[in-house]
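Working notes for the structure below.
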Amino acid sequence: MGSAKKHRLVFTRKDLCRVCYTCVRECPVKAIRIANGQAEVISERCIGCGNCVKVCSQGAKTYLDSKQQVSELLKSGQRVAAIVAPSFPAEFTEINDYRVFVAMIRRLGFDLVVENAIGADLVAGEYEKIMDTESASPHISSDCPAIVYFIEQYYPQLVGFLAPVASPMVATARILKKKYGDSVQLVFIGPCIAKKAESDELNEVLTFTELRDMFKERGIDPIREEVSGFDPPHPGKGAIFPVSRGMLQTVNKVDDICEGNVVVAEGRVNFRDAVREFERGFISSHHLELLCCEGCIMGPGMSKGGRRYSRRTYISNYVREKLNKLNREEWKKDMEDFGSLDFSQSFSPADRRMSDPDKEKINEVLRKLGKESPADHLNCGACGYDTCIDHARAIINGLAEHEMCLPFTIEKLHHSIEELNASNDKLANARQALRHSEKLAHMGQLSAGIAHELNNPLGVITMYSNILKEETPVDNPLRKDLELIVEQADRCKNIVGGLLNFARKNQVRACPTHLPDFTQNSFESIIKPDNVDIKLVNRMDNPITSLDPEQMMQALTNLEKNAVEAMPQGGTLTIELSGNEDEVEIRVSDTGTGIPQENMEKMFTPFFTTKKPGKGTGLGLPLIYGIVKMHKGKIQVSSNTDAEKGPSGTSFTITLPRNTEI
Ligand code: ADP
Ligand code: MG
């Protein structure tokens, strides 16, 4: 039967698929491949159970549409019979009288409308025969086509156990050919997708959902229909078939469940467990009565959302009523007449098992998923596979992707968020630095202009006040005033010099310098209070670097002075030197007051000071900034004044190219 499969039964509508992996989880044979974030059904592996169709909330799983072919058959002028599955009362619950339903089918153009339960009646007899013998070897029921495909494809070694009996559908087909002649065309209508590929003895198979669509397209409405009965032959108890254990009830085998030689399993998890245990020999002396769905009444060709137990009630009510009206004489005669037909069926293996990848390969994939040890195997099932190892196997076999692993993907996401945050911070810092240096550049221009304009008149004032001072005798009362003018003019010159430095208007005379020694010397130029310790940490491999010693000494001592001034209660001033081939780094850190966040922006701005008048000029950092820039280097400041942690000091880092070519 499996090898006769000619159809692609189930497809994915990729535009609707939201890749939730529910279909992967629900597929009993893992016939769904996730590739490039899209689910697709692998036809060769699919057993047409339609579980995925049932569970997909997006309607992204559809199945082979037979409506067109059926319409053409009905228009062909041939005699066409509809074989209606016994689960119809559970589907068309809005139709109170089944005869209205039959009339609606006739309205579509069917010449005959027959109940498939007659086939079930006869098939039940066959099962009775093979189950009744004491010594009968165990069998697996073969009435559910999805179960048959499952055995043929995934347990080919068990094909010999499949009951060699035709399904009720095929049995009915044979009965109708006998009763109405070989030329009668046959369309099965039921709740099943797998049946569409089951047998060449029927022309087409429609689902109830498709039948509903055809009624709708043709405007066939229950209210307007006449009543009409089913065509013969009329069935007996076979109509109970579509509920679970239905076949056992048909063959009066219900009691045997208690005796324990029949295992009834239905639904995608249970039937697989039963087959696995059967194969391993735990229940090898038992007959397996298996259904892929929880009874055919829960088949994928039924409308979505129906309730299992109310559906059972619809079936039993219908069967009870039918059995009350059954003409037993006629039924017995039919059973005898058709009993002589051949209801045998053969099956052949069609192995679709996947080879099991070797352990090392599985471990490699698991490692890639961040699962180093068994403790990392969460087996959370989010990927659709029961275990992490199953998922790894599927990845190796090309059915799954790493990204399906939720913990792995979350971890990856965290990582990229971190990276994103880091680059965001970097960007923000760079933007701020740019704004800052633009501002400083503007100020530099302004300062340079002012300083330049003041420099000449200042020169004149200095020169003439000095001449006047020299020419004025020491005892002249004017002498004191002139000394004050000279002194203040000198102070102005210093300020103008500082501004010119900030505006980078000075020359750099760089020469190779031993930086650790140079730094050591800088300590001589500052006044170190007793409560301050000075530490020099040298991490340089090559201590020589090129710089303008005079200017850099100014820069360094200014930083050191600031640091000391920031530690009125004492602390440690640390200077760290490091470097690579291209750059050297001088970091001056203190354990002082720190710099409040709101002042950070104002650093390096000329005349910004927090010190008392006469104590600070606010020209130290602008001078340093100018000197560092003239060396083609950069200077950064970081400070922690977190109110909760308390101030933990400030550090200024100067980075200079090793070979300043100026
Ligand atoms: P001045 O020292 O004359 O105030 P600077 O340009 O050297 O001018 O420094 C400007 C301001 O920057 C200082 O007044 C002080 O507020 C702040 N500052 C500089 N260095 C430090 C430091 N190491 N710790 C805390 N604040 C500092
Ligand atoms: Mg200063």
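The values are calculated or read from the model by the stated rules, or taken from the named source; none is laboratory data. Predicted, not measured: the structure shown is a model, and the values here were computed from it. Cβ: placed from backbone, ideal geometry, glycine included. Neighbour counts: every protein chain shown. Surface areas here come from the heavy atoms of the whole protein model, side chains and all, with no ligands, DNA or RNA. Shrake-Rupley method; radii C 1.70, N 1.55, O 1.52, S 1.80 Å.
A dipole drawn for segment 295-401 from +1 and -1 charges on Cβ atoms has a positive end, and of 395, 315, 350 the residue lying farthest that way is 315. Sparse packing (at most 14 other Cβ atoms within 10 Å of the Cβ) combined with a DSSP loop state is found for the following GluC sites (Glu not before Pro) in segment 27-115: 44, 94.
Summarise the accessible area of segment 415-505 (1.4 Å probe, protein heavy atoms) by the percent that is carbon and sulfur. Please report the intermediate quantities before stating the final value.
Numbers: 3910 of 6660 Å².
Accessible surface attributable to carbon and sulfur in segment 415-505 totals 59 percent.
Based on the Cβ-Cβ distance from residue 487 to residue 528, what FRET efficiency comes out when R0 is 30 Å, to the nearest 0.05? Intermediate values should be presented prior to the final figure.
Numbers: r = 28 Å, r/R0 = 0.93.
Here the calculated transfer efficiency is 0.60.
Loop-resident trypsin sites (Lys or Arg not before Pro) (DSSP state other than H, G, I, E or B) in segment 515-580 with no more than 14 further Cβ atoms inside 10 Å of their Cβ: 539.
Per residue, the accessible area of the chain comes to 51 Å² when a 1.4 Å probe rolls over the protein heavy atoms. Taking the 1.4 Å solvent-accessible surface of segment 359-404 as the whole, the part contributed by carbon and sulfur is 49%. Can you find, among 55, 513, 66, the residue farthest towards the positive end of the dipole of the chain? Put +1 on the C-beta of Lys and Arg, -1 on that of Asp and Glu. Most positive-ward Cα: 66.
Helix 620-630 and the longest principal axis of the Cα set of the chain meet at an angle near 70°.
In the assembled protein chains, residue 648 presents an accessible area of approximately 70 Å² (probe radius 1.4 Å).
How much of the accessible area of segment 1-70, probe 1.4 Å, is carbon plus sulfur, in whole percent? The nonpolar share, carbon plus sulfur, comes to 47 percent. Rounded to the nearest 20, the Cβ-based charge dipole of segment 72-146 about its Cα centre (Lys and Arg +1, Asp and Glu -1) stands at 520 debye.
Of the GluC sites (Glu not before Pro) in segment 357-420, which ones lie in a loop per DSSP and count no more than 11 other C-beta atoms within 10 Å? Mind showing how you got there, number by number?
Numbers: sites: 360, 364, 372, 401, 403, 411, 418, 419; in loops: 372, 401.
Taking segment 357-420 and a limit of 11 other Cβ atoms within 10 Å, the loop GluC sites (Glu not before Pro) found are 372.
Which of rounded, prolate or oblate describes segment 506-662 when judged by the alpha-carbon gyration tensor and an a/c cut-off of 1.5?
Values: a/c = 1.69, a/b = 1.44, b/c = 1.18.
Verdict is prolate for segment 506-662.
Sum up the charges of everything whose Cβ sits under 15 Å from the Cβ of residue 436, counting Lys and Arg as +1 and Asp and Glu as -1, but leave residue 436 out.
Working: positive: 431, 435, 439, 602, 629, 634; negative: 438, 598, 601.
Value of the local net charge: +3.
With the convex hull of the Cα atoms taken as the outline of segment 63-163, the averaged projected area works out to 9.3 nm². With the helix formula -39500 (n - 2.57) applied to DSSP H stretches of n ≥ 4, the chain reaches a computed 222 nm mean residue ellipticity of -13500 deg cm²/dmol. Within the chain, antiparallel bridges make up roughly 55 percent of the DSSP beta bridges whose residues both belong there.
Note on residue 467: accessible area approximately 70 square angstrom, rounded to 10, probe 1.4 Å, nucleic acids and ligands left out.
Taking square-rooted eigenvalues a ≥ b ≥ c of the alpha carbon gyration tensor, is segment 10-338 rounded, prolate or oblate, where a/c under 1.5 means rounded and, failing that, a/b exceeding b/c means prolate? Oblate is the answer for segment 10-338, as a/c is 1.5 or above yet b/c matches or exceeds a/b. The charge dipole of the chain, taken about its Cα centre with unit charges on the Cβ of Lys, Arg, Asp and Glu (plus for the first two, minus for the last two), comes to roughly 1420 debye. In this structure, residue 460 and residue 541 have a Cβ-Cβ separation that, at R0 = 45 Å, corresponds to a calculated FRET efficiency of about 0.30.
Can you find, among 459, 443, 432, the residue sitting farthest towards the positive end of the charge dipole of segment 415-505, where Lys and Arg contribute +1 and Asp and Glu -1 at Cβ? The Cα lying farthest towards the positive end belongs to 432. Specify the inter-centroid distance of segment 46-75 and segment 545-590, based on alpha-carbon positions, in whole Å. About 79 Å separates the Cα centre of segment 46-75 from the one of segment 545-590. Rounded to the nearest 20, the size of the Cβ-charge dipole of segment 538-662 about its Cα centre is 460 debye, with Lys and Arg at +1 and Asp and Glu at -1. Classify segment 415-505: rounded, prolate or oblate, from the alpha-carbon gyration tensor (a ≥ b ≥ c, eigenvalue square roots; a/c under 1.5 rounded; otherwise prolate if a/b is larger than b/c)? Prolate, since a/c reaches 1.5 and a/b exceeds b/c.
On a per residue basis, the convex hull of the C-alpha atoms belonging to the chain measures out at 276 Å³. Computed from Cα positions, the angle between helix 268-279 and the longest principal axis of the chain comes to roughly 70 degrees. Relative to the first principal axis of the alpha-carbon coordinates of the chain, what is the inclination of helix 308-325, with its axis defined by its Cα atoms, in degrees from 0 to 90 and to the nearest 10? The angle comes out near 10 degrees. Each Cα pair under 8 Å and six or more residues apart adds its sequence gap; the mean of these over the residue count of the chain is a relative contact order of 12 percent.
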